[in-house]
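Take a look at the structure set out below.
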Amino acid sequence: MHFSRTSRWYFLPILCLTLIFSKDAFAGPDDNSHAHEHTHDEHDEVETIVVTASPLEHDRDELAIPVDRIDRDELIANLGSTIGESLSQIPGISSTGFTAGASRPVIRGQDAYRSEVLEDGLRTQDVSRESPDHGVPINPLSAQRIEIVRGPATLRYGGGASAGVVNVITNRIPDRLPDEPLEGEVFVGIGLLANERDLSASLEGQHGDLAWHFDGLLRRSNDYSIPNDDRPHIQSGTSTEAFTGSLGASYFLEAGRVGFSYTRAESNYGLPTSNENVEIEMQTDRYRVEADLVEPLEGIREIRFRGVYSEYEHDEVADGVVGQTYRNEEFEGRVEFVHETMLGFNGALGIHGRTRDFRADGEAAEFLGPTETSTAAAYLYEEYDFNNAFVLEMGVRVEYTNVKGQDAASERRSRDFVPLSGALSIIAGPLDWLTIGLRGAVSQRAPSQVELFARGTHEATGTFEIGDPKLDEETSVTGDFRIELEGVRGRLEWSGFVTRYEDFIFADRTGNHVDENGLPVAASDPGALDEIFYLGRDALFYGTELSGEFDLFELDYGTVGIDGRFDFVRARFTDGAYRNLPRIVPIRWGGGVFFASESIDARLGFLRTEAQEKIGAFERPTAGFTMLNASLTYRIELLEGLPLSWTLTGHNLTDVRGRNHIAFNKDDVLRPGRSIRFGLRAQF
């Protein structure tokens, strides 16, 4: 298919939630109390099992580090044009916000090479890490659910997951036989902000021992409106168009299953520029295979294989002329051997490999020449349960990475790295309503191809970048602490983290301005570029996340409650005169009131983003703003076996002006104005 063109107020939410969640809220009802009809988890119709954080499936409450699971109902209620925008309401998660079609998730203030975006446990195999104007080729409407790990997930996914993982789960290769011969979903949505139109459909069925899956979607939006004093205004370069189609199947045997899927994704989206009509035309083909063997050998509970191969390409088109082309061909595979209990230990041995062939043509070749990356790794993960008092988790990963490319002098280079990672965690549940998790992790990351071999003009960010082919591994040491309280009337979760980086690799702005040949020019020159060198400095990240909800009282027809959230990240260098890191997300906090019943879910809330004045070198501060949001879902079954869900959502209802501090182009791009969206979802 071809498409056409801060202050004491920070502690207010913590205080409120602490007062609300008194001990009595978690101790359970006594004989004289009104028995609440549901626990917090029972608001969801599905189990809370997560598969991202560990080779062994767990409930999210049984893990040491914070894990969020966003199911499809919640995803549709907070639907954005990208995965990053759809998850930006989650504590500890923000987005790069470069444009409506390209906004990658940021975890605890870290993006690109320290946070992984996965599709069903394997990399998305795109070029979104190479530049913030490159989108992730996963549409949020493709997701059945999304799992988010906030904290090091390096044992399974490598050093690129030292900040965390966003895993989009699609079920494109069915992992079970459907309950019915045919079941599916259709979703239709429209939006008033940018004339958004959404259409998605999925079908699943079975024929004997064969289960099959199909899904497809179409999305389109114009440039979105932004607040501009008393008159509406348009943010140019923010239009989007997207198409995805996928077909998969699994065949189930007595000994396990084997499955295959093919996905085609296309996306056209605009880029905000001052003097050109620029857009990206992207397409990718993704081939995936899975196999599970149950009890194939004595002592082995299961063997799992996951493999994916992708061919990715996008053109950057300015005024109808292709100026740059990016190509990426990549394969990734993982085999996990889950063993039976041995000496009290449960765990898995994993083997993980990846090969990547990257090519850039046209003007993009001036920024980065052809590169080849190969990775091979082995990891071991084990758990030991101390008589249900607490669980000990431990793991280690050893990795070999080779990166080949051309440096700034066009000299061919090859670098070898051997990153090592290890983690130790303790999870305890001293009371029925209390879970405590403590985790320490040491991880290393090999420098990326950009950090090693960047060699010229990067037009999207207006920079002239030079990599350092002599960079060594980046080492991080992280401590994570998590407390969760959960009872019949609500849930409260707090987590804190500290990460110490040795040789933290970053893009250092020198303060100089150069032309496209790297020669000095005045800052006022129309073609002036900011000069950047990649180097390593020691750095410290620390922060916290807090979230919770509480049922205030029961009515005959539903429950009224409140919820709240708070998160902040602080990052600074531990050497040198200028200590703040650039583009770190400001403090954010908010809350709301909700009503929940069998047929209606309604919420009214706000999210406050404080001003960011702790800025890096050559960076400008960003003003704070508060956005008012609301959502309403109404469920009805017009025909037997055909439930319908109507959704009405509003974001930024007061139409305030806001900028994303972590976006490279924040001075030129405002966040969207008042947005009203309607949706209809039918399941059968």
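The values are calculated or read from the model by the stated rules, or taken from the named source; none is laboratory data. What you see is a predicted model; the values in this text were computed from it and never measured. Note that we place each Cβ from the backbone using ideal geometry, even for glycine, and neighbour counts take in every protein chain shown.
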All positions within the stretch 647-667 that are buried (at least 20 other Cβ atoms within 10 Å of the Cβ) and assigned to a strand (DSSP E or B): 647, 649, 651
Considering every residue within the stretch 300-312, establish whether at least one is surrounded by fewer than 17 Cβ atoms within 10 Å (Cβ to Cβ) and of a type in the set (Val, Ile, Thr). yes
Exactly one of 387, 402 is surrounded by fewer than 16 Cβ atoms within 10 Å (Cβ to Cβ) and more than 20 Å from residue 58 (Cα to Cα), and that one is 402
How about the stretch 438-459: which of its residues are more than 22 Å from the chain's Cα centre (by Cα), buried (at least 23 other Cβ atoms within 10 Å of the Cβ) and of a type in the set (Gly, Ala, Ser)? 454
Out of the stretch 460-479, which residues are in a loop (DSSP other than H, G, I, E, B), at pLDDT below 95 and surrounded by fewer than 22 Cβ atoms within 10 Å (Cβ to Cβ)? 461, 462
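Could you check the stretch 564-604 and list, in sequence order, the residues that are assigned to a strand (DSSP E or B) and of a type in the set (D, E, K, R)?
Those that are assigned to a strand (DSSP E or B) and of a type in the set (D, E, K, R): 565, 567, 570, 572, 588, 601, 603.
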For residue 107, indicate whether it is closer than 30 Å to residue 346 by Cα, at pLDDT below 90 and surrounded by 24 or more Cβ atoms within 10 Å (Cβ to Cβ). no
Candidate set: the stretch 423-432, residues that are buried (at least 18 other Cβ atoms within 10 Å of the Cβ) and of a type outside the set (S, T, N, Q); chosen: the one farthest from residue 360 (Cα to Cα): 427
Within the stretch 408-418, does at least one residue satisfy the condition of being in contact with a Pro (Cβ under 8 Å, 6 or more places away or on another chain) and crowded, with 17+ Cβ neighbours inside 10 Å? yes
From the residues in the stretch 385-414 that are in contact with an Asp or Glu (Cβ under 8 Å, 6 or more places away or on another chain) and of a type in the set (Ser, Thr, Tyr), which one is farthest from residue 518 (Cα to Cα)? 400
In the stretch 668-684, anything within 19 Å of residue 627 (Cα to Cα) and not in a strand (DSSP E or B) is listed as 669, 670, 671, 672, 673, 674
Turns out the strands (runs of 3 or more DSSP E) fully within the stretch 339-445 with at least 2 residues that are within 19 Å of residue 476 (Cβ to Cβ) are 371-386, 390-406, 420-431, 434-445
Determine whether the stretch 480-503 contains at least one residue that is surrounded by 21 or more Cβ atoms within 10 Å (Cβ to Cβ) and assigned to a loop (DSSP other than H, G, I, E, B). yes
Can you tell me how many residues in the stretch 254-277 are among the aliphatic types (A, V, I, L, M) and buried (at least 22 other Cβ atoms within 10 Å of the Cβ)? 2
Requiring at least 2 residues that are among the hydrophobic types (A, V, I, L, M, F, W, C), out of contact with any Lys or Arg (no Cβ under 7 Å at 6 or more places or on another chain) and at pLDDT below 95, the strands (runs of 3 or more DSSP E) wholly within the stretch 181-299 are 278-297
Subset of the stretch 435-451, residues of a type in the set (A, V, I, L, M, F, W, C) and out of contact with any strand residue (DSSP E or B) (no Cβ under 6 Å at 6 or more places or on another chain), comes to 450
Looking only at residues in the stretch 556-590 that are buried (at least 16 other Cβ atoms within 10 Å of the Cβ) and in contact with an Asp or Glu (Cβ under 6 Å, 6 or more places away or on another chain), which one is nearest to residue 644 (Cα to Cα)? 559
